[in-house]
Structures are given as C-alpha cells and as structure tokens.
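Here the structure is laid out as structure tokens; the discussion comes afterwards.
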Amino acid sequence: MDTLNILLMGFISIVIINNLVFTKFLGICPYLGVSGRIDMAFGMGLAVTFVVTLSGTLTWLIDHLILLGTPLEVTRYVCFILVIAGAVQLVEMYLRKFFPTLYESFGIFLPLITTNCAILGLCLFINLWGIDNLLEAVVLSFGAGIGFTMAICIMAGIRENLNLADVPKPLKGAPITLITAGLLALAFMGFAGMISPS
Amino acid sequence: MANEPQSSAGLYKQTLIAGLWRENPVLRLLLGMCPTLAVTTAVKPALTMGLSVIFVLLCSNIVVSLMRKLLKPHLRILMFTLTIATFVTIADLFLKAFAARMSETLGPYVPLIIVNCIIICRAETCASKNTLVVSTIDALGMGVGFTFTLCVLAGIREILSTGAVWEVKVLPPAFVPWAAMGMPVGAFITLGLLLGLVNAVSKKKI
C-alpha cells in the first residue's frame, strides 16, 4: 500500500507539479514547432511518451547494473544518448511501416525526438534525484511522457484559437506562443505545494 | 570582434556576423530554447553556460568538419550526437572540478548541452558541408551570438528579480523585486517580449 502511494504521488508530481515543459523548460523546441494542430500534437506526444518510457527504464537499468560505482561512470551521457537514439529509430521504423501519413506530417521533427531535451532531461533527473527503485523509474518516465503530451495538447488547443485572434504583428508566431506558455506556467504554479515534499 | 580571422575574405566575415545577428541562433532560428530559458535567472550561470556551449560547439564543429567525408547519411545524426556527448562530458567534468558551486547551480543543464539543437544544427547545416576554417568561424559566431543573447536575457531577469547585476546591487533599495521574473513565468514572458522586440526592430530596417 505504501509503495502504491509513493508511485501515485510520483506520477501526479511529474505530470502536474514538476511538469517538464512548464517548470524545467524541457522539450521547448518541438513544443514551439509541432503544437500548431491538436491531432499532430497528440501523435507527437504519444511518440515522445513511448520513447521516454523506454529510454527512462533502459537508462536506469544501465546506470544501476553497469555504470554506478565503476570508472565507467564518465561514459554515462554517451550511453544515455545512444539508448535514446536507438529508441527513436525504433519508433521511426514503426511509424513509417504502419502510419505513413502521420510519418509524413512529422517530417524532420520525428528524428529530432532524439534531441528532445525532455527525454535526456528526464533520464538525468532520475539519476539526479537518486531514484533507486525500478518501478518508480518506470512510473516517473511514463508520467513525464504524459505530462509532455498534456502540455503540448493544451498549447495546440490554444494556438488553434490564437490563429483567429488579433495579435500585434511583431508578436505573431513564436513570441506570442512563448508568452502564452508563460501564462500557462503561471497557472501550473498554482499546483505547487499540492503535495507536501517528503 | 576579437575573434576576427587574419584572412579578411568576405565569406569568413559574413559567416561570423551571421551568427551574431542575422542568423542569431536564439532570436532568429529559435534554437536552443531550453538552456536559454532555464539558466537565465542570473548573469553568472548564463555566462558559464554560454562559454560551455562555445567550447562544445567549437570542438564538435572541428571534429565533424574533419570527418565529413566519412559520414554515412543514415548514421549521421548518431555520429554527431556521440561527438557532442564526448565533449560535453569533458566540459561537465571540468566544471565539476574547477567550479563546483556553479556546476551545482546549472545541474542537469550542462549535460543537456548534448541535445542543444544549436550544436546539432550547426553540425548538420555547416560543419558537415564546409571546410575546417569556415566551420570554426561559424562555431565562434554562433557561440558568441548565443552567449550574448543569454547574457542580455539574464541581465533583464536578474535586474528585475533581485535589483542586481552580477550579484552587485544597482537599483536603489526602495525597488521592490519582481519575484515572478526569477520563476519560469518570467523566463517565458521575457523571451517572448524580447523576440517581439527583435522582430519589430528588424522590420523597421527593411
């Protein structure tokens, strides 16, 4: 019961309170690039969720089974990025085979998931927070993906409406998106302290 | 402009200037947003971040440019990331050894240089197609442009959130600090307004 509680808290905290996009500034590039339409944003979110869950788990395993405590620790970043690149390659091949239209519409943004800061960032945060339980690492990775999907879908919804708004000319495009993201971050700050830090 | 190359060929100069303003990585190409937003709470971490990025960008551009004839198209991105990850590890270990407190402040954002889009973008669009000299100059221009933007943004945020620059008080004590500027909200909104300002200024020139 206690473990379940910890897992649930961890999940809620990574999705809402420590949302990677709004509080850690991770994954801003695809956030600005893809979040124009809800369906694309959702597809992107799912792809990222899959990759982040897979690579979060794998990097935790590599870190704890091989690297920790040995001189090989200096190669941590190289190992992490290799795992992520492999996972992205997998998603790319799968999408190209089974969802060609979605694959076409992602274009360059799909291989760029490799360089999505949210994924490497999460692997590093798991390492930094000293998570020493495989189950917790899996739940946190999955939660990070869900949090990213949520953020990018909220943004896409707002941006679809923003197209109809009368935005001052110099602020059109990226600037107004950033300002909107700022206001969203302000809203998400309201969740801070919902769970007292343990 | 201390980095101006000896040879005054127009191409070199143009490449250098491009990174500083016309193709400024943050303000024009919208690359490398994550570190831009995350480390700009104060000028000191911003400058450290900028210098680390210059180092990694320079090294990776040189190496990629040297091996550009050996690159296979489908393994390209992987080779770039591995090269970059190696140099980032060096920078990270260096910071941990010689600037432990700064390294702690920056936290995971130093290893996150690996996935900084600026470096991959320059490797892809410049270093893998151009000679060593052009790639080096491009790295310098882009790196300095990035650092400069980071420092401007950090300056604005630091002065409004604490009334200080480089941890030295500049505003009178009567100034009420805007706590929000030091938070994620301030980062997003300041960068958004800065981008808008740059758009407005460059429109006027044309």
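The values are calculated or read from the model by the stated rules, or taken from the named source; none is laboratory data. Please read all numbers here as calculations on a predicted model, not as lab measurements. Cβ atoms come from the backbone with ideal geometry, glycine included; neighbour counts cover every protein chain shown.
From the list B:Ser65, B:Ser60, exactly one residue is closer than 18 Å to B:Val144 by Cα and either in a loop (DSSP other than H, G, I, E, B) or in contact (Cβ under 8 Å) with a residue 12 or more places away in the chain (or both). Which is it?
B:Ser60
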Among the residues of region B:79-101 satisfying the criterion of being surrounded by fewer than 17 Cβ atoms within 10 Å (Cβ to Cβ) and more than 19 Å from A:Gly121 (Cβ to Cβ), which is nearest to the other protein chains (Cβ to nearest Cβ)? B:Leu93
Scanning region A:123-146 for residues that are more than 14 Å from chain B (Cβ to nearest Cβ) and of a type in the set (Gly, Ala, Ser), the one farthest from A:Gly86 (Cα to Cα) turns out to be A:Gly143
Selection over region B:5-57 where residues are assigned to a helix (DSSP H, G or I) and closer than 26 Å to A:Pro30 by Cα yields a count of 24
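Checking the condition buried (at least 23 other Cβ atoms within 10 Å of the Cβ), under 15 Å from B:Thr40 (Cβ atoms) and more than 12 Å from chain A (Cβ to nearest Cβ), which residue from B:Thr149, B:Thr105 passes? Before the answer, list the steps.
Working: B:Thr105 fails: buried (at least 23 other Cβ atoms within 10 Å of the Cβ).
Criteria check complete, one pass: B:Thr149.
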So which residues in region B:166-189 are touching a residue at least 40 places away in the same chain (Cβ under 8 Å) and either at the interface with another protein chain (Cβ under 7 Å from one of its Cβ atoms) or within 12 Å of A:Leu183 (Cα to Cα) (or both)? B:Pro184, B:Ala187, B:Phe188
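Of A:Met150, A:Met155, which residue is of a type outside the set (Gly, Ala, Ser) and within 14 Å of chain B (Cβ to nearest Cβ)? Walk me through it before giving the result.
On the way: A:Met150 fails: within 14 Å of chain B (Cβ to nearest Cβ).
Sole residue among the options that is of a type outside the set (Gly, Ala, Ser) and within 14 Å of chain B (Cβ to nearest Cβ): A:Met155.
Being within 12 Å of another protein chain (Cβ to nearest Cβ) and either farther than 21 Å from B:Thr81 by Cα or modelled with pLDDT of 85 or more (or both) is true for just one of A:Leu20, A:Leu4, A:Leu46, A:Leu58. Which residue is that? Steps first, answer last, please.
Details: A:Leu4 fails: within 12 Å of another protein chain (Cβ to nearest Cβ); A:Leu46 fails: within 12 Å of another protein chain (Cβ to nearest Cβ); A:Leu58 fails: within 12 Å of another protein chain (Cβ to nearest Cβ).
The match here is A:Leu20.
Residues of region A:102-122 being at pLDDT 85 or above and either more than 9 Å from every other protein chain (Cβ to nearest Cβ) or not in a helix (DSSP H, G or I) (or both), which ones? Walk me through how you get there before you give the answer.
Taking region A:102-122 first, the residues at pLDDT 85 or above are A:119-122.
The answer is A:Leu122, and nothing else.
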